[in-house]
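**Q** My questions will all concern the structure given below.
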Amino acid sequence: MVNILYDGLLHFGAGVALSWADYATCRAINRKTDRVEQKKECLESIELLLDSNAAQAQPAEVVEIEGKPVGNEEKQEKKTLEENVSENTGRPSMNKDSMQYALNVEQVKDYFIREGFVKKDLPFFQKAKNFFRNLVYEERLNNLSTRAKLIFAAGTEFLYDSLIGIKYYTQIRQQSPLASIANNIYQIPAFFAGLVFGNWTKKGFDYFRSREEKKLDKTIKKLVTSTDIVDLVLTYQPPEEIKPALEKHGFKDYASKLTTSGKRLYEKMGKNVKELTYNITHIRERREQKEAERKKALQDRFDNITKDR
């Protein structure tokens, strides 16, 4: 029994060590300055996309006053309002069919992929290429789903006992080959628990990140869970005319979907996502205020014209 507990602790420790090594390797290769710069660019792209979508959400119907449609002058005034909804943010409103909009979508999507929230439906060879690249540049183990971690733990333990461990158990412990393989009954759960525990405790290392990086992470996560940015990114389809230019920038139009961790994050979103989006960016209040002021001005103008009739 003591041997089983000791052996189980060793396998648990191996899982923790492997998880921490995965985290440490990713941090060492992705330098702090590069991470901060990428997160700044992602945050700016998210804000641009939210501002632009809020601006273009302005109702397209013609406003009527006392049953009379507004003339061309007022229509142009309304168009100008739509184009300048985001003027108080200091950022331009992008057209959804523009190259600039597409590049910002890809910028945010790339960040989501690096964080393990989103994955693309890639061809086999591209998947293989990305797999080997991610072994070095991404937290490959820690980003696995719970089910995938369990499968990895089972496969690793079985392979280890079949190729290496069997000699130790048969020659040193004097066990039969079948008994040595039966040790997987407790070794697999122990190793799996170590992977999960290591991934959870890596948050302690995040305490030593810079204040700037923590603030960026917190802001981005708040926008991801409180706005419809995930929907905007995943449902976006670039116009055919800009796809060749996008490919020149290294972006190919592959379908994207949420990973398991991305789905968990997505579930945190409230039902009134649109309202929360406007509350964060303050666009809704500005738009409604300007619209109310415009309608009042039109009503006053109409009253002045008709008061002597």
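The values are calculated or read from the model by the stated rules, or taken from the named source; none is laboratory data. Please read these numbers as outputs of a predicted model, since none were measured by experiment. Counting neighbours? That spans all protein chains shown, and the Cβs are built from the backbone with ideal geometry, glycine included.
**Q** So Thr80 fits all but one of (1) surrounded by 14 or more Cβ atoms within 10 Å (Cβ to Cβ); (2) at pLDDT below 85; (3) of a type outside the set (Asp, Glu); what number is the exception?
**A** (1)
**Q** Kindly check whether there is at least one residue in the range 55-63 that is among the polar types (S, T, N, Q) and either modelled with pLDDT of 70 or more or farther than 27 Å from Phe302 by Cβ (or both).
**A** The initial filter retains those residues of the range 55-63 that are among the polar types (S, T, N, Q), namely 56, 58.
Imposing the further condition that a residue be either modelled with pLDDT of 70 or more or farther than 27 Å from Phe302 by Cβ (or both) reduces the set to 56.
Within the range 55-63, one or more residues are among the polar types (S, T, N, Q) and either modelled with pLDDT of 70 or more or farther than 27 Å from Phe302 by Cβ (or both).
**Q** Sort out for me the helices (runs of 4 or more DSSP H) sitting completely within the range 183-252 that have 1 or more residues that are touching a Leu at 6+ places or on another chain (Cβ under 7 Å), modelled with pLDDT of 85 or more and aliphatic (A, V, I, L, M).
**A** In the range 183-252, 184-201, 211-226, 229-235 are the helices (runs of 4 or more DSSP H) which contain 1 or more residues that are touching a Leu at 6+ places or on another chain (Cβ under 7 Å), modelled with pLDDT of 85 or more and aliphatic (A, V, I, L, M).
**Q** For the range 21-55, enumerate the residues that are in contact with a Ser or Thr (Cβ under 6 Å, 6 or more places away or on another chain) and free of Cβ contacts under 8 Å to residues at least 60 places away in the same chain.
**A** Ser52
**Q** Could you grab me the full set of residues in the range 232-255 that are surrounded by fewer than 16 Cβ atoms within 10 Å (Cβ to Cβ) and within 15 Å of Ser45 (Cβ to Cβ)?
**A** Listed by number, the list holds a single entry, His249.
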